[in-house]
Structure formats: structure tokens, C-alpha cells
1. Taking the square root of 5 times each eigenvalue of the Cα gyration tensor, what semi-axes in Å does the equivalent ellipsoid of the stretch 181-329 have, largest first?
2. Pull out the extension gain between Asn315 and Asp93, defined as 0.36 nm times the separation in residues minus the alpha carbon to alpha carbon distance; nm, one decimal.
3. If I take all pairs of Cα atoms in the stretch 1-160, what percentage of them are more than 22 Å from each other?
4. Relative contact order of the stretch 1-45: what whole-number percent is it, with Cα pairs under 8 angstrom and at least 6 residues apart?
5. Determine the principal axes of the Cα atoms in the stretch 276-349, then give the extent along each, sorted from largest to smallest and rounded to whole angstroms.
6. Once Rh is set to the Kirkwood radius over Cα pairs, what Stokes-Einstein translational diffusion coefficient, in µm²/s, holds for the stretch 121-205 at a temperature of 25 °C and a viscosity of 0.890 mPa s?
7. With +1 on each Lys and Arg Cβ and -1 on each Asp and Glu Cβ, and nothing else charged, work out how big the dipole of the stretch 50-131 is about its Cα centre, in Debye to the nearest 20.
8. Could you tell me whether the stretch 268-405 comes out rounded, prolate or oblate from its Cα gyration tensor? Rule is a ≥ b ≥ c as square roots of the eigenvalues, rounded for a/c under 1.5, then prolate if a/b exceeds b/c, otherwise oblate.
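Just so it is clear, none of the values below were taken in a lab; they were calculated from the coordinates. Since this is a predicted model, take the numbers as computed values, not measurements. All Cβ positions, even for glycine, are placed from backbone atoms using ideal geometry, and neighbour counts span all protein chains on display.
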Amino acid sequence: MKYNVVIVGAGPAGIFTALEMRKRGSQKSILIIEKGQPVEKRTCPKIVTKKCMNCKPYCHITTGFSGAGAFSDGKLSLSCEVGGDLPGLIGEDFAQELIDYTDGIYLDFGADEHVEGVSADEEVKAIRKRAIKAGLKLVDCPIRHLGTEKAQQLYLDIEHWLQEHGVDLCFGRECNDLLIENGVCKGVFLQNGAETETIYADEVVVATGRRGADWLEKLCSEHGIEHKAGTVDIGVRVECRNEVMETVNKALYESKLIGYPKPFKNKVRTFCQNPGGFVSQENYDNDLAVVNGHSFKEKKSDNTNVAILCSHNFNNPFNQPIEYAQKVGELTNMLGAGHILVQRYGDILDGKRTWQKELAQSNLRPTLPDAVAGDITAAMPYRAMTNIINFIQAVDYVVPGFASYETLLYSPELKFYSNKIDMDVDLNTSVKGLHCLGDSSGWTRGLMMASIMGVLMGRKFSEENE
Ligand SMILES: Cc1cc2nc3c(=O)[nH]c(=O)nc-3n(C[C@H](O)[C@H](O)[C@H](O)COP(=O)(O)OP(=O)(O)OC[C@H]3O[C@@H](n4cnc5c(N)ncnc54)[C@H](O)[C@@H]3O)c2cc1C
């Protein structure tokens, strides 16, 4: 079997590559290989069971058409300052142009026209003033919120559109290797039960997302694909009552704050804020349970959750950032008997664990009921914990009440950004015919940035001779 373009992974990066090719009138044959299911067959049993069933062979939340996007909160960050390092490769103005264009595609497929976080009113000015005083940077980032339930319909419409426009979608099949001969990528190998099938291609796109980062790391070392060790973020998900977060929720929806707290001066930031949202658990294929958060468009909780992440970059001789963060996650899981750990902020400062019965004494009830009360400090590295505590104290100045005794910290919140694949501005890797996109490439870390990387790739393929 031979195609002009084979795309591995049907996340936003992969699907926007195909979408843009067809929008530009390209008649090239395209195959998208996805190890998960089409959108309409993706279901998380937790809706019924109320607890994560650790589905095998993969988690439906992160796997299947539209990747980690379909079941995500669907917050499209409309600023090139947010979502990854791609603007550093292609230029900020061009990246912003691509964001505006791609936002238009999301609107065409039914995204809500309302944009959060664009008001320049007195409230935002006051928040920024407090942030400056606390030594934090407030990043301006308009957000289009799809909402978990609406995102699924939108991606279903894209799935149908691609099928109607002659893009072949192959579900339930996993790519296990690349066919590389004499420095040229000529296709992919697919797992077919006990057998391996070869699909030849002129161009191969690997867009396997964060979950495919380990696999891509292996491919890089086996095939000599040039790359640099990536960053990992280690942190916690913080949950407060909506009343505490009300001012920032109303004025900004998502407050993107960045700080470099003493004594380490590492970058620490807020990420993925969910007003009225829910804390959730994700299970990686290697059984690692990590915490996340999302919010529905209609169904609201009494709480707001937001991640606080500390970036870790390592130097020679250490170059296994993903393994490092995984060990932190494993240790935390071990302490929680395989569950997410939750601890009150005040207990951390008092040097004691949180007991399950103490959670019921607060105004704040955890929105992740199967999280286990315990001591996250027993697994969190000293540097990360100190960064988090000092950052929370700075945020308390911007959002009074954020550092309350009852504020909940869930762990492990880990973001693996993959090795950063060496790429030129035309998105070519060091191996001819191979292109690595989206979160697995290390250049993006969000829906919009992954989508624009796909759009750019689609344009490059459309420009080439048919
Ligand atoms: C719970 C959650 C909430 C999120 N919320 C937001 C948000 O609100 N806003 C935001 O901007 N970002 C959010 N994100 C991040 C966002 O979803 C990702 O940044 C984005 O989906 C990355 O797109 P991608 O195409 O690079 O990869 P992915 O979306 O991860 O897609 C990769 C696809 O490749 C498939 N795959 C992997 N390996 C193979 C293989 N070997 N063979 C075949 N298929 C394979 C996977 O099954 C997957 O479907 C969230 C993520 C999660 C998990």
C-alpha cells in the first residue's frame, strides 16, 4: 500500500495537516493512522463507574480521533505567547497569523463565537497591578472555550468532513516503527495482530501527542533523528472555591501568571484554569496516574482548579527528563495506592499529612472524589515543592484567599514535552521525508499551537508538486 502522505496520530496536529491540504485543493492521497477509535466510539467508563477504570489497551480520554483534544476542556489559546515554542521557529507574527486563520476554521466548524479574556477594563488593570507588585507577569491571552461536550461534536464534524473529502482514516491500528533507508523515511510499519504491515509513503508525519513522546524518543535514538532533550513540568493542581477566584474568573477566565520565585528562580506558571470546573485523573499506558482538570460549558462545580507547574531543564550528564518526572509520579502514586494524592495547603505548611475526614471540615469539597488524602511532600522534590509554595504565596497577593489553609493541592500534575526534534522552518527533520508535529515534536503544548503546526504542514505539502 502506498500513499503520498501518511500521518501517524489523529490529534489536532495530524487532522489539521489533512484538513488544510484538502482546503487548499490538494488531491494527494492521505492516510491517517490512529491507534484509538473514531470520536463517536470514544467513551470513558468513568461517567458510569465514577472512578477511573484504567482502560486497556489505552485511555479513551487521550486516544482516538482528535487526540487529547476531544475530551479536553477545549480552551483554544488565541495568543502566540501561549502553547509552545513554535513561534520561536517560524516567527511570532506568522504564528499569530496562523492562529487567527485556524481560529476561523474552528468557528466554521461551530466553535462558540464568544472570546474570554479580552476586556481591558479596570478590573484587569487592577489584577495586573497586583501581579506586578507580587513579582508575577500576567500574560494576555484571549481564549475561545469550546467546552468538553461541544468539542466532541466539533471534532466529529471535522472527522466527517475529512472522510467526505477523501482522506482515509484507519482506526484501531498502532504504528510501531518507521521505514527509514539511507536517511530517507519511506513509510511506516503497522501492528496487525501478530503481524507487521508496511505502508509506503512519500512523506510521513508523526503527530503522536504527549502520550507518544516515549515512543518517539525511542525512534530518535534508533534512527538517529536529531533532537534535544526536552523540558518537563512538575507541579500540582490547585483547587479553590469559586468565591476566591471570582474576580480573575470574571475578568480573565484564565489568569496566566508567570513567576521566578526565590531561591531557585525557576520558571513557575499557572496553566489550564477551569472556573466552575472539575479535577480529573488520567492514566498513562504505563499505568501512571496523573491529575488534570477540565470544565463543561453548562455543568458547573463550586470550585475553580488551576495547575501550577515548575519547568525543569537538565544539563549534562543527565538527559532523561521524562523518566525523572515519571519517577516523581510513580512515587506519588505509590503513596496514594495508585490514586491521585490530595493535601490541604495549610497542612503542607504545618508539616503534616491531610486525613480524609479533615477534607469534610472545609468549605471546599474536592471535585475528584477518588483522590486520596495524604502527604504530597513525601514524593515531591524539594526544589519543586519550594517553588510551588513560594509561587502560591505570590498568587495570594493577586487573588486573596488563594493561599488559604483549606486550598487543595493534587499531585502528580506532570507535563512531558517530549524531546525537541530538530526541525527547519519548513518542518523537515534531519531524516528526509519525515516530519514531526504537535506535542510529540516538543514544539507545541496546546490545542491551537498543535493545530497551527498541522495547518503549516498542510500548506507545505500542498505547495509541492501534485
Ligand atoms: C485532559 C486534557 C485536557 C486538555 N485541555 C486542553 C485545553 O483546554 N486547551 C489546550 O490548548 N490544550 C489542552 N490539552 C492539551 C491538548 O489536548 C494537546 O496539546 C493537543 O491535543 C496536542 O495535539 P497533538 O495532535 O500533538 O497530539 P494528541 O492530541 O495527543 O494526539 C495524538 C494522537 O496520536 C495517537 N497515537 C499515539 N501514538 C500512536 C501510534 N504509535 N500509532 C497510531 N496512533 C498513535 C493517539 O492515540 C492520539 O489520538 C489537554 C490535554 C488533556 C489530556
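1. Rounded to whole Å, the semi-axes are 37, 21, 14.
2. 76.8 nm
3. Counting pairs separated by more than 22 Å, the tail of P(r) holds 54 percent.
4. Working: 34 pairs, mean separation 23.0, N = 45.
Answer for the stretch 1-45 is 51 percent.
5. Result, largest extent first: 49, 29, 23 Å.
6. 135 µm²/s
7. My answer is approximately 840 debye.
8. Rounded shape, in that the Cα axes give a/c under 1.5.
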